[in-house]
Amino acid sequence: MCKKVALHNLGCKVNAYELEAMEQLLEKKGYEIVPFEPGADYYIINTCTVTNIADRKSRQMLHRARKMNPEAVVAAVGCYAQIRGEELEKDPMIDLIVGNSRKGELPQLLQSCRLEKKKQAALSDLGRERKYEPLSIEKTAEHTRAFIKVQDGCNQFCSYCIIPYARGRVRSRRPEDVLREVRNLAASGCREVVLSGIHLSSYGIDFEQQTDLLDLIRLLHPVEGIDRIRLGSLEPGIITEGFAEELAALPKVCPHFHLSLQSGCDRTLRRMNRRYTSGEYLERCRILRKYFRDPALTTDIITGFPGETEEDFRESAEFVERVSFFETHVFPYSRREGTRAASMEGQLPEAVKKQRSHVLLELNKRKKAEYLEKALGKETEVLLEEETELDGRRAWAGYTREYRKVLVLSDRELGNTLQKVCPEQICRGEFLLCR
């Protein structure tokens, strides 16, 4: 039987994890993983639907796969498939549609689609789904660092976001399953794990027995071979005095926190249905800086949300300046059909969104440089991940515990090692250089 499979991922780190898990499932069933190029027998596209633009990219990639081999089985998997399943069933370019709770069935679904030679769909009603889909990985392509999915779904229903419909309600992974996977990854040489989820802060709320994210971190902390535990995106509300104090007592936890903000203007936050004020957010940042020495705080900002006035934007930008983030990821608002924000009054021109994004991106450059500069001349620990080169010289790239990128010039073999270094200069405004 023809078993050459090409896979392609669109979207977030959770999607990337799930693609790795599907790839390893297919390998176990005897499929040969090949590059995403002409000649494969199956094309798997793990789709994204976070914006209308993501929808378009998903469609384009699916149609591109069909052109690579008209006789291949083309499968749309994931968020776009979940939301647009009926639409895809009418698309002659697509052979298989797999939703967000059926990815673990992919090997059987591919075989069935090939044998029966007709379009198939495997979709579930995620509004009723309460079980966490058992996907896992035994190795990671990055080798040094592994993203671990521990939670799926979201109950927040922010007015701009389609994800609760694409991913369903909160579903958490059993702690013992996470522990087993982390131990396996440590045995394969992995030294850092990043706990990830669609709404990571909600981990454990669906369990009958009280368990939360902090309990999970405590469980994983003693695993031998794992030197660092990093956290994915968090909601501000999870940051309390008790939570921060407990985390700070666990030396493997990295002082790098991505706290989702979206706007520094309270009026905009209310329209977004975000469940905090800018003052409450600022207090969470203060707590983290109390218990961790100069932690890296990063965030997301949406510019040009419907109804955002010049005054609202100025207030948001001033708030970002005040918090002084290490990195601010800036996104012009993208209208998403199926969300409340899509029908709100006050939709802004693209030019206004881009202009406001430019202002915040310039602010981000300045703040990032300031944070990188603090590390100059000070000894810091870096986990070196991969060999690279700088101006023709051999170098090793890695990250500090705060997720500052570092390049170490060296002819020694330093891959997957922890090194104490003293950064000497900032290069290209992006990374620290050590000689």
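Scanning the range 318-362 for residues that are within 24 Å of residue 296 (Cβ to Cβ) and either touching a residue at least 24 places away in the same chain (Cβ under 8 Å) or aromatic (Phe, Trp, Tyr) (or both) yields a count of 18. The set of residues from the range 9-19 being open to solvent by less than 50 Å² (accessible area, probe 1.4 Å) and not hydrophobic (A, V, I, L, M, F, W, C) comprises 9, 15, 17, 18. Just to be sure before I move on: is residue 160 touching a residue at least 40 places away in the same chain (Cβ under 8 Å), crowded, with 20+ Cβ neighbours inside 10 Å, more than 21 Å from residue 45 (Cα to Cα) and of a type in the set (Ser, Thr, Tyr) in the structure I sent? Against the criterion (touching a residue at least 40 places away in the same chain (Cβ under 8 Å), crowded, with 20+ Cβ neighbours inside 10 Å, more than 21 Å from residue 45 (Cα to Cα) and of a type in the set (Ser, Thr, Tyr)), residue 160 qualifies. Taking the condition modelled with pLDDT under 95 and closer than 30 Å to residue 315 by Cβ, does residue 373 pass? Here the answer is no, as residue 373 does not meet what is asked.
For the range 19-52, a residue qualifies if it is among the aliphatic types (A, V, I, L, M) and over 22 Å from residue 134 (Cα atoms), and the qualifying residues are 34, 40, 50.
May I ask you to say which residue of 33, 53 is of a type in the set (A, V, I, L, M, F, W, C), over 22 Å from residue 101 (Cβ atoms), in contact with a Ser or Thr (Cβ under 9 Å, 6 or more places away or on another chain) and open to solvent by 30 Å² or more (accessible area, probe 1.4 Å)? The conditions single out 53.
Of the residues making up the range 69-86, those that are within 23 Å of residue 49 (Cα to Cα), of a type outside the set (Phe, Trp, Tyr) and surrounded by 15 or more Cβ atoms within 10 Å (Cβ to Cβ) are 73, 74, 75, 76, 77, 78, 79, 81, 82, 83, 84, 85. Would you confirm, using the coordinates I've provided, whether residue 133 is open to solvent by less than 60 Å² (accessible area, probe 1.4 Å), in contact with a helix residue (DSSP H, G or I) (Cβ under 6 Å, 6 or more places away or on another chain) and of a type in the set (D, E, K, R)? Answer is yes for this residue. For the range 136-157, a tally of residues being open to solvent by 60 Å² or more (accessible area, probe 1.4 Å) and of a type in the set (Asp, Glu) returns 2. Being more than 30 Å from residue 416 (Cβ to Cβ) and buried (at least 20 other Cβ atoms within 10 Å of the Cβ) is a condition met by no residue of the range 176-192.
The values are calculated or read from the model by the stated rules, or taken from the named source; none is laboratory data. Since the model is a prediction, treat every value here as computed from it, not as a measurement. Positions of Cβ are generated from backbone atoms using ideal geometry, with glycine treated the same way; all protein chains shown enter the neighbour counts. In case anyone asks, the SASA skips ligands and DNA or RNA and just uses the protein heavy atoms, side chains included. Shrake-Rupley method; radii C 1.70, N 1.55, O 1.52, S 1.80 Å.
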